[in-house]
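The values are calculated or read from the model by the stated rules, or taken from the named source; none is laboratory data. Every value quoted in this text rests on a predicted model; they were computed, and no experiment measured them. Here Cβ is always computed from backbone atoms with ideal geometry, including for glycine, and neighbour counts include all displayed protein chains.
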Amino acid sequence: MIYNRKALRSKKPAYWLWRGALLVLLTWVLTDLYIPTRHNIRQFDPGEVARLETEMWRSYYDKNPALLFWQLAGGLRQQFHAPFWRSFGLAFQATRAAFVFKQGQSTADYQRAMPVLVDYYRAIQELSSVPFNTRRVAALELNWWIIHRQRDRYTYADLADALARTSAALYSQPVASFATYARLRADAMKSCDEAGQLPNGATEADWNRIQTALTRAWSTLHTVVQEPRPLTAPVYSDLTVRSCCMAWRNCCRAVSTGKPKFWAASSGVQFLNRTASINALAGTEAGSDRGEPAGEWRGVVTTCPADVSRKIGVSVDLGFCLASNAVVRAIDISQMNKG
């Protein structure tokens, strides 16, 4: 035992440094591969994705498989937010599917790549916070591969349609939304195919033109898949809106009939509580980060004051409900009517 302690003390610092580095590396790899992580695949850098795709095409025509594999893993990290080590597993699955497909000579042969593509998209689904049908996306992916390969039977317009359908299934949006992206990407593929047929291959100018087209394509897709803020008021239950209207009516009645201020204030507090609950349901706050009245409030409250004003004859400021001093504004309105 004493001998073992002396042996450990006699180890050089470099020995412990290497052991520590290996432990850190092993922890990183295991965490990267096995700890679940999800990201929004709608968020990516379109310029970087376009650059990496151009480089992959270039490596393919230069017959540089090692560089192509590295670039493919980088593209997966950019587009799907794959962790570093996991991106190489995904790249291996994609490469395997491509090789199975390349060896095929008929539609039946091409279908052998389908199980690999399903596993590939299933792995991407595990990284995505955006759900999609993995089998459907894999089938559509394989379909555009077939269309692109059988250029004697299909046109680039057919390829663009297939690309649009694949993206629509991946992002769960209408096919028509991806028409421009698909056309631009199909045009880039056409330019790449034509340049590859030249005696001396594609020139630097050709690759620059292809990257420009791909940048436009991916930028268009990035714009399409962003989730816009809803512009219309959400649907609330009748009970919630009715309780808000009732509190507002009581407040207006208290003011217009000359009730004591504490009565009006009590009704006003009830109204503010009701509108606050509606605001919580809408997921927005009065006086939003844009400094504008929240559309959800205006959409819900507009119908209420109009009804109240017809019944009790009080002029209504539609924006008053966004202020914290709703009762004071109501009293001011009453005073103006009396004047």
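Summary of values
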quantity: Residue satisfying all of: in the stretch 86-107; in contact (Cβ under 8 Å) with a residue 24 or more places away in the chain and farther than 20 Å from P65 by Cβ; surrounded by the fewest Cβ atoms within 10 Å (Cβ to Cβ) among these; calculated: T107
quantity: Single condition A182 does not satisfy, out of (1) modelled with pLDDT of 95 or more; (2) over 22 Å from F44 (Cβ atoms); calculated: (2)
quantity: Lone qualifier among R151, R136, R165 - being over 22 Å from R51 (Cβ atoms) and at pLDDT below 95; calculated: R151
quantity: Q71 more than 20 Å from the chain's Cα centre (by Cα), surrounded by 21 or more Cβ atoms within 10 Å (Cβ to Cβ), free of Cβ contacts under 8 Å to residues at least 24 places away in the same chain and within 21 Å of G196 (Cα to Cα); calculated: yes
quantity: Any chance V175 is within 23 Å of Q71 (Cα to Cα) and of a type in the set (V, I, T); calculated: no
quantity: Residue in the stretch 24-46 that is touching a helix residue (DSSP H, G or I) at 6+ places or on another chain (Cβ under 6 Å), at pLDDT 90 or above, aromatic (F, W, Y) and outside any helix (DSSP H, G or I) present; calculated: yes
